[in-house]
Amino acid sequence: MQTALVIILLLAILAGAVFVGHYGWVSAGDVTMPAWGWMMMGLGIFFTLLVGGGLMALLFYSSRAGFDEPPEVVQEKKHRAAKWTKMIPKRKKRRSF
């Protein structure tokens with residue numbers, strides 16, 4: 001039931017975006033765009049898809065290569081404790097008079 005509601009909501013958002021895009025395109029009227037404008041729009045679409053595809057490829061590569069896994073700490077406690085005892089200076093005892 002929840003899946004159907006999510007799909008219906010997403011389709012409604014898509015329909016709204018298509019409507020707004022069509023309305024904006026039609027409301028421009030008889031405005032003509034020069035050839036360089038079409039070329040720039042095409043290059044913008046192309047590079048947008050190129051960057052999106054590249055980022056998705058990097059996402060899948062990092063997931064399969066194991067870069068998304070949490071780090072594993074391989075260290076025994078006794079070695080860590082020995083390391084810390086060497087680093088902490090020993091206090092001298094005070095004499096009380």
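Among (1) at pLDDT 95 or above; (2) in a loop (DSSP other than H, G, I, E, B), there is one condition residue 95 misses while meeting the rest; what is its number?
The number of the failed condition is (1).
Report, by residue number, each residue of the stretch 24-41 that is of a type in the set (Phe, Trp, Tyr) and surrounded by 10 or more Cβ atoms within 10 Å (Cβ to Cβ).
38
Conditions (1) at pLDDT 80 or above; (2) touching a helix residue (DSSP H, G or I) at 6+ places or on another chain (Cβ under 9 Å); (3) loosely packed, with under 10 Cβ neighbours inside 10 Å; (4) not hydrophobic (A, V, I, L, M, F, W, C), marked per residue:
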residue: 43; (1), (2), (3), (4): yes, no, no, no
residue: 49; (1), (2), (3), (4): yes, no, no, no
residue: 52; (1), (2), (3), (4): yes, no, no, yes
residue: 71; (1), (2), (3), (4): no, no, yes, yes
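The values are calculated or read from the model by the stated rules, or taken from the named source; none is laboratory data. Since we're looking at a predicted model, the values are computed, not measured. A quick note on method: Cβ atoms are made from the backbone with ideal geometry, for glycine too, and the neighbour counts reach across all protein chains shown.
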